[in-house]
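Worksheet: one structure, shown below.
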Amino acid sequence: MIVRTHGTRRLACPAAAVVFAIGMAGTTLPTPLYGLYREQLGFSELMVTVVFAVYAIGVITTLLLAGNYSDEAGRRPVLLIALGLSAASALCFLFEGGLPLLFTGRLLSGFAAGLFSGTATATVLELAAPGHEARAAFVATAAGMAGLGCGPLLSGLLAQYAPWPLRLPFLVNLALVAVACVLTWFLPETVGHPVRWPRLRPQGLTVPPEVRGVFVPSALAAFVGFALLGVFLAVAPAFLSQTLGERNLAVSGAVVFSVFLASTAGQALLGRIGVGRALPSGCLFLVLGLLLVGASLAAESLPLLVLGALCGGLGQGLAFRAGMAAVSGAAPPEHRGGTISAYFVVAYLGISVPVVAVGALALRLGLKNAGLVFTACVVVLSAAVGLHLQRRPPPEG
């Protein structure tokens with residue numbers, strides 16, 4: 001049972017959004033720092049992508065095992081668990097002494113992100129004032145994307161212009177997590193009669209037959225969009241330093257931030273465009289963004305890479321939020337949770353599998369050629385999905 005609180009909702013909803021943003025910022029904090037870890041530990045670009053992919057494994061595992069855990073245990077306890085995992089991840093990076101702690105830190109970060117994705121979103125929605133549910137949905141989405149984008153921006157600035165480049169970002173993160181814990185402690189609980197330590201019930205990936213016609217193209221569009229995000233999060237700093245000759249970590253963080261900023265803008269456009277037009281339009285912008293990213297590598301041009309980040313991020317935001325709306329609208333209520341979980345799993349596969357493939361190709365072809373092969377493959381997939389959605393747009397809803 002969901003309890004709607006009234007007295008403190010006005011402040012509680014934005015406070016929950018701040019907690020969500022802080023939690024997600026910690027998951028992307030290491031992005032500009034991977035080059036420094038490579039120099040310190042001496043591993044290959046493939047290992048960078050494997051370390052990053054461990055994060056996606058953690059997210060997917062948590063979605064499958066505990067995606068609905070807060071429905072029984074309550075929102076606040078699960079948010080506090082997620083913040084504890086965030087703090088543990090930061091400590092792994094703070095005391096890093098080799099690959100084992102890097103892997104452990106990324107895995108814990110993935111567990112935290114998996115819990116935040118559903119729990120924080122539900123918390124923001126349930127604390128919204130009556131009649132403001134649509135605005136709260138955007139606030140929740142924007143908080144998550146803003147956090148993901150601010151993580152690299154913060155760590156890039158600190159690593160470039162402050163002392164202790166591999167320590168200070170995580171000390172700041174721990175301070176922010178402490179602030180988020182205080183905010184969470186005072187949030188109203190929206191789950192009536194929460195159960196203390198309920199049993200974990202693994203969720204099945206339920207996609208009813210009547211939903212598959214909407215689910216498959218929508219999930220493929222999410223896969224492509226997250227593949228773009230994954231490449232920017234995992235290997236964009238290496239592209240910048242090795243191919244474009246840009247070694248300023250603050251610039252690296254700002255480029256990654258621009259992708260998520262554009263994604264938030266794309267999601268904000270959904271209400272004006274509508275689901276039926278937003279999905280194929282999102283795929284079109286993804287194609288344009290990927291072509292610009294490929295052109296930036298071929299021409300070794302930073303401005304083209306930034307344009308590709310903005311264009312591709314806009315497409316990812318449009319396609320992802322429209323796909324989520326289409327899938328959740330088409331799914332019958334009794335299978336909606338499992339169907340949405342399946343949608344997220346496909347999306348997070350996009351943030352891991354293609355990224356590792358880029359790292360593996362880089363060993364044989366070099367980073368520049370691996371990036372060109374990646375953009376060509378994903379352009380073809382995105383264009384095919386976009387054409388299919390243009391001919392058979394999903395129903396509005």
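The numbers here are math on the coordinates, done by the rules we state, and not lab data. Just so it is clear, the model here is predicted, and its values are computed rather than measured. Please note: Cβ atoms are built from the backbone with ideal geometry, for glycine as well, and neighbour counts cover all protein chains shown.
Points worth noting:
- Distant-in-sequence amide H partners of residue 191 (H built 1.01 Å from N, under 5 Å): 3, 75
- Per-residue packing, averaged as other Cβ atoms within 10 Å, sorts the ranges 339-345, 220-226, 316-322, 188-194 into the order 316-322, 220-226, 339-345, 188-194, beginning with the highest.
- Distance (nanometres) between label positions extended 7 Å along Cα→Cβ at residue 196 and residue 373: 5.6
- Inter-centroid distance (Cα atoms) of the range 43-102 relative to the range 158-221, Å: 9
- Here the residues 22, 60, ranked from fewest to most Cβ neighbours within 10 Å of their Cβ, fall in the order 60, 22.
- Were the residues from residue 212 through residue 178 laid out at 0.36 nm apart, the gain over their Cα-Cα distance would be 8.0 nm.
- Extension gain from residue 129 to residue 300, taking 0.36 nm per residue of separation minus the Cα-Cα distance: 56.7 nm
- When the chain is treated as a Gaussian network with alpha carbon springs shorter than 10 Å, the biggest mean-square fluctuation among 108, 36, 310 belongs to 36.
- Spin-label model distance (nm) - residue 44 vs residue 88, 7 Å beyond Cα toward Cβ: 3.2
- Between residue 272 and residue 391, the distance separating the two model label sites (each 7 Å from Cα on the Cα→Cβ line) works out to 3.1 nm.
- Candidate membrane-span-like segments in the chain, meaning DSSP H helices with Cα atoms spread over at least 27 Å of their own axis and a Kyte-Doolittle mean of -0.5 or above, are 9-28, 45-66, 75-94, 99-126, 133-161, 212-234, 249-268, 275-299, 302-330, 367-391, with no membrane implied.
- Förster-model FRET efficiency, 56 Å R0, residue 138 and residue 166, C-beta, rounded to 0.05: 0.95
- With the helix formula -39500 (n - 2.57) applied to DSSP H stretches of n ≥ 4, the chain reaches a computed 222 nm mean residue ellipticity of -26000 deg cm²/dmol.
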